[in-house]
Each structure stands twice: as structure tokens, then as C-alpha cells.
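Reviewing the structure listed below.
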Amino acid sequence: MHMENLTWDEFERIRKEISTVILPIGSVEAHGRHLPLGTDVFAPVEIAERVEAKLKEMGIELLVAPPIWYGHSFVLNLFPGTVNVRADTLRRYIRDVAGEFAEEGFRRIILLNGHGGNYHPLIEAAEEVAERYNVEIWLINWWIDFREDILSICSSQGHAGEDETSVILAIKPELVKMEKAKGRKRGSKVRVIRKNIALELFPDGVNDDPKGATREKGEAILSVVSEKIARLIVEAEKHGRGA
Ligand SMILES: [Zn+2]
């Protein structure tokens, strides 16, 4: 069920019947020359919709909240089209939004994250909400939590890499420019924080080789990730708490 399509009295009714809300969170950010700026939102929104559909088949309703588009993207900010929200701003924003869902009576709030830079602010926001309300918050970083599954489908993963490119090929193939897909995996021994570090670690906004990406791989990733999240929710609904 999509929150934005409901009236307030419909919402009032369903919030008493539904215990879990899923909030997709991403970033508007450069993803190479081959992927759209909305990549980190398109992926978690698609996963949330697939999870909702799977649960519906099993008779469980889930509320899908409108996504948070802008995220924390210090590293990629030198590329045109990256809109960086400071970590502290994102932390407070997510804390307020998730806190509102706790106030509305949802017992489980799933932050479905599509962007690496959001990782730390989301943990802090979740802790603040959990401290204040009697709710359970799940932070799901789909490309980290299901890495093993993803690496059984793709030979590598990374920013605008094989996994992410495959996923967007499955969701919005018309927006992918495969002829421009190139890059390789780069890293540094320690975390270096510098304004233009992306020129070394993310040249062209890529950190992986996306050439092996296919629509079929993307479909397989979306399918296994959404299946596993749906299963976790079913288990938690059965037992009351916990992933
Ligand atoms: Zn991304």
C-alpha cells in the first residue's frame, strides 16, 4: 500500500491494521556516465514494491512510504548533478520522519537504504528514534546485507558497478547508456577524506567494472533481495519482534 495515495481517514484506518512501514532512502548523485542520477532511489523503491507484492500474496499488508530522495554524498559531490545533504542534516531529517511513523503507531520501521554515504547518519537517526519510542527499526543496506547473494550473480559490485548497473537495466533500461559503461575497482588502505578524492577513487563517478551488467542479473538480484526481506518480515510478524 502506497501512503501517498491514501486519504487521511484511509490512513487512520490502515495504521491500526499494518505494523510495518518501509521507507526507501537514496541519493541524487552521479553514477558514471551510464546511469541516471536517481539510481540510488530507483533501486530501493523497486525493492520495496516487490517486497510489498510478495507479502500481499501471503496476506500481509505493508505500508510503502514516499521515498527520501536526497542523501549524504560528500565524496561524489564534485560531479554535476550530485546533491549533497550534510550528514547531520540527514540524521535529523530521518530521525524526524521515522519518529513521525512511530507517533502514528507503526511498530516496525524499515529504512531501506540505497546509498553508501547514508550509512552512518541512518544508524544515528535510528538510535535516536529507538531511544525515544517503543519501536523496532531495521536498517537494510541492500547491496551490503545481501552481498553474498549478489556476488553469486555478479562477478563484482561497486558504485555504478556491475550489480547496480544490472539492477537499473532491470528497472529502467531506457535510462542506461551501456555504450558509456566503463570503470574499475579502486580503493585506498585507509579512509582518506578530501574534497576531490573522487577523482582518484571514483573517476567518472564509477568504482567497479560495469561492463558485465545485464538485465537478467539485475532481475536475479531484485528477486533474491526482495524475497529475503519479505521472509524476514514474515518471520518477525510471526514472532512479534526481531529480524
Ligand atoms: Zn548508487
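The values are calculated or read from the model by the stated rules, or taken from the named source; none is laboratory data. The shown structure was predicted, so the numbers you read here are calculated from the model rather than taken from an experiment. A quick note on method: Cβ atoms are made from the backbone with ideal geometry, for glycine too, and the neighbour counts reach across all protein chains shown. For the accessible areas, the whole protein counts, side chains as well, though only heavy atoms, and no ligand, DNA or RNA atoms are used. Shrake-Rupley method; radii C 1.70, N 1.55, O 1.52, S 1.80 Å.
Do the alpha carbons of any pairs in 177/217; 172/195; 54/180; 189/228; 56/211 sit beyond 25 Å of each other, and which pairs?
Check vs 25 Å cut-off fails for 172/195; 54/180; 189/228; 56/211.
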Hey, if you put +1 on the Cβ of every Lys and Arg and -1 on every Asp and Glu Cβ in the chain, which of 118, 173, 30 ends up farthest toward the positive end of that dipole?
30
Would you compute, from DSSP H runs of 4+ residues alone, the mean residue ellipticity of the chain at 222 nm, taking -39500 (n - 2.57) per run and dividing by the full residue count, rounded to the nearest 500?
-14000 deg cm²/dmol
With every protein chain present, what is the per residue accessible area of the chain (1.4 Å probe, Å²)?
50
Express in whole angstrom the spacing between the alpha-carbon centres of the stretch 106-129 and the stretch 53-96.
9
Within-14-Å neighbourhood charge of residue 210 [Cβ basis; K, R +1; D, E -1]
+3
Along the Cα-to-Cβ line of residue 179, 7 Å from the Cα, sits a label point; which residues in the stretch 202-230 have backbone N less than 19 Å from it?
210-215
Can you give the FRET efficiency to the nearest 0.05 for residue 188 and residue 100, using r as the Cβ-Cβ distance and R₀ = 35 Å?
0.35
Sites residue 7 and residue 58 - FRET efficiency at Förster radius 45 Å, r taken between beta-carbons, to 0.05
0.95
Taking a ≥ b ≥ c as the square roots of the Cα gyration tensor eigenvalues, with a/c under 1.5 meaning rounded and otherwise prolate when a/b beats b/c or oblate if not, the stretch 178-243 comes out oblate
Taking the chain as the reference, fit the longest principal axis to its C-alpha atoms, fit the long axis of helix 39-57 to the helix C-alpha atoms, and give the angle between the two in degrees, 0 to 90, nearest 10.
40
Rounded to the nearest 10 degrees, the helix 215-239 long axis (Cα) sits at an angle to the longest Cα principal axis of the chain of 30
Can you pull out the chymotrypsin sites (Phe, Trp or Tyr not before Pro) in the stretch 22-90 whose DSSP state is coil and whose Cβ has at most 10 other Cβ atoms within 10 Å?
none
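Tally Lys/Arg at +1 and Asp/Glu at -1 over every other residue whose Cβ is under 11 Å from the Cβ of residue 91; what's the total? Numbers along the way, then the final one.
Working: positive: 86, 92, 95; negative: 88, 96, 124, 127, 128.
Result for the neighbourhood of residue 91: -2.
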Pairing the Cα long axis of helix 8-17 with the longest principal axis of the chain, what angle in degrees results, from 0 to 90 and rounded to the nearest 10?
80
Towards the positive end of the charge dipole of the stretch 3-239, with charges on Cβ (+1 Lys, Arg; -1 Asp, Glu), say which of 79, 225, 65 has the farthest Cα.
79
Keeping the other protein chains in place, figure out the carbon and sulfur percent of the accessible area of the stretch 3-239, with a 1.4 Å probe.
51
So what's the net charge close to residue 131: Lys and Arg +1, Asp and Glu -1, counting the other residues with Cβ under 13 Å from its Cβ?
-2
Could I have the simple spin-label model distance between residue 238 and residue 130, label points 7 Å from Cα toward Cβ, reported in nm to one decimal?
2.3
Going by a ≥ b ≥ c, the root eigenvalues of the Cα gyration tensor, does the stretch 128-169 fall in the rounded group (a/c under 1.5), the prolate group (a/b larger than b/c) or the oblate group?
prolate
Using the beta-carbon distance between residue 78 and residue 144 and R0 = 35 Å, what value does 1/(1 + (r/R0)^6) give for FRET efficiency, to the nearest 0.05?
0.90
How far apart, in nm, are the 7 Å Cα→Cβ label points at residue 151 and residue 88?
3.6
For the chain, shape from the Cα gyration tensor axes a ≥ b ≥ c, cut at a/c of 1.5 then a/b versus b/c, turns out prolate
